[in-house]
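These notes are about the structure you will find just below.
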Amino acid sequence: ITLAITAVGYTSAPILRSGAQVGDSIYLSGIPGYSAAGHAALILGKSEKKFERAIRSFQAPDVDYEKGKLLWSANSLCDISDGLSTQAEQMAVASSVKFQLDLDQISADGEFQLLDLLAKECGISVWQWIVAGGEDHLYLATGKDLPGINVGTVIVGSGVEFVGLAELPKKFEHF
């Protein structure tokens, strides 16, 4: 069964993927990867309490619309349900800039510690989940002094660079 919904509306000031500007900071509304962790936990038969959040993220994803409302002053904005690397690439291309994301800034966030622990227990790179996992209903935004986790900078160039990552993990695929 496939269920598709289309919403039609109007806004006088949309925040597009194409609005990123050189000098903007890059923000995430949370640490991605928990949905991919939940999927891995179910496949590997991990049912311990520490996996509850991850499994819930996979089975019943939730969108924090209140966090989204706080991003009204962003220069560019996108959800990352198709994976951080995919959506960041789309925004960088649309804006004709380069997104430079710093793994140290991501790993400094408190949400990272649990995800890293789960990845080690599953024998999977935490960066596979964070960079290339999908179905995380979080926001990726660029601008100045936005809420969320500051994870990088928009610079001159094209594409996406993950500082501290030698090789890009396999990207998220729906099927």
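Data table
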read-out: Selection status of G23, part of a helix (DSSP H, G or I) and at pLDDT 95 or above; value: no
read-out: One residue from Q100, Q105, Q128, Q113 being of a type outside the set (K, R), open to solvent by 20 Å² or more (accessible area, probe 1.4 Å) and either assigned to a strand (DSSP E or B) or on the phi > 0 side of the Ramachandran plot (or both); value: Q100
read-out: Close pairs (7 angstrom Cβ cut-off, 6 or more residues apart or separate chains): among the aromatic types (F, W, Y) in the stretch 78-102, open to solvent by less than 10 Å² (accessible area, probe 1.4 Å) anywhere; value: F99/I26; F99/A88; F99/M91; F99/A92; F99/G152; F99/V154
read-out: Residue tally, condition under 14 Å from A74 (Cα atoms) and either free of Cβ contacts under 8 Å to residues at least 40 places away in the same chain or touching a Phe, Trp or Tyr at 6+ places or on another chain (Cβ under 9 Å) (or both), over the stretch 129-144; value: 5
read-out: Contacts under 9 angstrom Cβ, first residue in the stretch 4-32 being more than 12 Å from L71 (Cβ to Cβ), partner open to solvent by 70 Å² or more (accessible area, probe 1.4 Å) and charged (D, E, K, R), 6 or more apart; value: G23/K144; D24/K144; S25/K144; S25/D145; G30/K67
read-out: Only listed residue being of a type in the set (D, E) and open to solvent by less than 30 Å² (accessible area, probe 1.4 Å), chosen from D24, D82; value: D24
read-out: Candidates Y27, Y10, Y65, Y34 - the one that is closer than 25 Å to I124 by Cβ and aromatic (F, W, Y); value: Y34
read-out: Count - residues of the stretch 40-63 that are within 24 Å of I149 (Cβ to Cβ), surrounded by fewer than 19 Cβ atoms within 10 Å (Cβ to Cβ) and in contact (Cβ under 8 Å) with a residue 60 or more places away in the chain; value: 5
read-out: Of the criteria (1) out of contact with any strand residue (DSSP E or B) (no Cβ under 7 Å at 6 or more places or on another chain); (2) under 22 Å from A108 (Cα atoms); (3) basic (K, R), which one K67 fails; value: (1)
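A quick yes/no check of all residues on (1) charged (D, E, K, R); (2) under 22 Å from K49 (Cα atoms); (3) out of contact with any Gly (no Cβ under 7 Å at 6 or more places or on another chain):
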position: A88; (1), (2), (3): no, no, yes
position: Q100; (1), (2), (3): no, no, no
position: D109; (1), (2), (3): yes, yes, yes
position: F112; (1), (2), (3): no, yes, yes
position: G133; (1), (2), (3): no, yes, no
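The values are calculated or read from the model by the stated rules, or taken from the named source; none is laboratory data. All of these numbers come straight from a predicted model, not from anything done at the bench. Reconstructed Cβ throughout: ideal geometry from the backbone, glycine too, with neighbour counts over all protein chains shown. Each accessible area value is taken on the protein alone, full model and side chains, heavy atoms only, with ligands, DNA and RNA left out. Shrake-Rupley method; radii C 1.70, N 1.55, O 1.52, S 1.80 Å.
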